[in-house]
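The values are calculated or read from the model by the stated rules, or taken from the named source; none is laboratory data. Given the structure is predicted, the values throughout are model-derived calculations rather than measurements. FYI the Cβ positions are ideal-geometry reconstructions off the backbone, even for glycines, and counts take in every protein chain you see. Areas reflect the complete protein model, heavy atoms only, side chains present, ligands, DNA and RNA absent. Shrake-Rupley method; radii C 1.70, N 1.55, O 1.52, S 1.80 Å.
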Amino acid sequence: MKIERIELRVIQIPLVHFFETSFGRTTTRRILLVRVDADGLTGWGEVTAGETPFYSYETPETAWHVLRDFLIPWTLGKEWAKPSDVVTRFRPIRGHNMAKAALENALWDIAAQQKNLPLAKMVGGTLEEIPCGVSIGIQTSIESLLEKIEREVAAGYQRIKVKVKPGWDVNVLEAIRTRFPRTLLMADANSAYSLADLAHLKEFDRFYLMMIEQPLGWDDLLDHAKLQKEIATPICLDESIHSAGDARKALEIGAGKIINIKLGRVGGFTGAREIHDLCRARNVPVWCGGMLESGIGRAHNIAMSTLPGFTLPGDVSASKRYWSEDIIDPEVIVSAHGTIHVPQTAGLGYVPNEQRIEKLTVRKESFE
Ligand code: OSB
Ligand code: MG
């Protein structure tokens, strides 16, 4: 495919409810979208970076810089046989995976349309219905968290993930387990602890969690391996895995037993598939993480979740949990038994609503 035009735009869109993690609260998302035109077709990608450099160093502004000054000049006007070829071209740039992923994933969308395949099939997916969980942020009271969980369980979601941090952890999990003894439950710490908290983290074992996600340093593997030897709860790695190389090293030293794959964090579908394949060969379960994506990123997540190794419910949930109105048609809906039916039409399977996107746009630039 020959890339004829690339457009960058930042949209600003308020969340229905604030989302709070151990590193802070988000009320409005600022999302960088990438639109690629090639061979008369249009593909879309989303930069999943947060507004602040707290989950990772990337933000919409760093991604704009890397795209405008490097990734776009390297790809525009050129012929690409397949989407993974740009991954090779992007290799000289260290990191900035979310910027790379947005452009690569837009090419997967175009390639799927060219082959007349749903994106899920194009990337090698097999499931037609994917299991869904929810990620629930830190609330202003335990009671309001319990009410939220009640609502999500009633809606059919298959597992509940709650955010934890020192002061909002054992007390909260205790209350959840008293009210919901049988619900599939996990906790995500977003690096809020250190090995000095070992005795405290051991207390988590009595809540028989499916896993604890990224308890220690965002760039650590070794301390996670030390912790995993001391606790029964399986550790799931998020922030510290950026490539199949990271995943191999983590599994070799026992830093965790499960991996959360996020398309942005691992640089797009090519990197995600490499991690998926490595984990599958070792019988290590993976699941699809979320970054409060708009419908475009969400559609990519749905496609990835259809790969056969995605055996655990992901953080891929209904549009209406995030947005009063999403930027795709139709919006993502979740069935009463907590699944998303994977679209079977060619490409993304959802149509970006360009009028709505235009209305939300606060910055744009196109490159021809
Ligand atoms: O650690 O998984 C995370 C959101 C923003 C940044 C990091 C994380 C999250 C979530 C939300 O947990 C997942 C979602 O519902 O999109
Ligand atoms: Mg996480």
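List the number of the failed condition for ALA155; all other conditions in (1) within 23 Å of VAL47 (Cα to Cα); (2) in contact with a Gly (Cβ under 8 Å, 6 or more places away or on another chain); (3) open to solvent by 30 Å² or more (accessible area, probe 1.4 Å) hold.
(1)
Looking at region 66-80, is at least one residue open to solvent by 10 Å² or more (accessible area, probe 1.4 Å) and among the hydroxyl-bearing types (Ser, Thr, Tyr)?
Looking for residues that are open to solvent by 10 Å² or more (accessible area, probe 1.4 Å) and among the hydroxyl-bearing types (Ser, Thr, Tyr), one finds none in region 66-80, hence no.
Where residues in region 1-16 are touching a Gly at 6+ places or on another chain (Cβ under 8 Å) and open to solvent by 40 Å² or more (accessible area, probe 1.4 Å), which of them is nearest to ILE357 (Cα to Cα)?
If we take residues in region 1-16 being touching a Gly at 6+ places or on another chain (Cβ under 8 Å) and open to solvent by 40 Å² or more (accessible area, probe 1.4 Å), then GLU4 is nearest to ILE357 (Cα to Cα).
Taking region 274-303 as the region of interest, how many residues are part of a helix (DSSP H, G or I) and either among the charged types (D, E, K, R) or within 16 Å of ligand 2 (Cβ to nearest atom) (or both)?
7
Within region 31-58, track down each residue that is over 25 Å from LYS78 (Cβ atoms), surrounded by fewer than 20 Cβ atoms within 10 Å (Cβ to Cβ) and either within 15 Å of the chain's Cα centre (by Cα) or not hydrophobic (A, V, I, L, M, F, W, C) (or both).
GLU51, THR52, PRO53, TYR57
Evaluate the following for ALA318: is it out of contact with any helix residue (DSSP H, G or I) (no Cβ under 6 Å at 6 or more places or on another chain) and open to solvent by less than 10 Å² (accessible area, probe 1.4 Å)?
Yes; evaluated as a whole, the condition is true for this residue.
Could you look through region 183-203, keep only residues that are in contact with a helix residue (DSSP H, G or I) (Cβ under 7 Å, 6 or more places away or on another chain) and open to solvent by less than 10 Å² (accessible area, probe 1.4 Å), and pick out the one that is nearest to ligand 2 (Cβ to nearest atom)?
ALA187
Which condition number in (1) closer than 27 Å to THR27 by Cα; (2) open to solvent by 10 Å² or more (accessible area, probe 1.4 Å) is the one that VAL162 fails?
(2)
Counting just the residues of region 229-248 that are farther than 20 Å from SER22 by Cβ and away from ligand 2 (no atom under 16 Å from the Cβ), which one comes out most open to solvent (accessible area, probe 1.4 Å)?
If we take residues in region 229-248 being farther than 20 Å from SER22 by Cβ and away from ligand 2 (no atom under 16 Å from the Cβ), then LYS229 is most open to solvent (accessible area, probe 1.4 Å).
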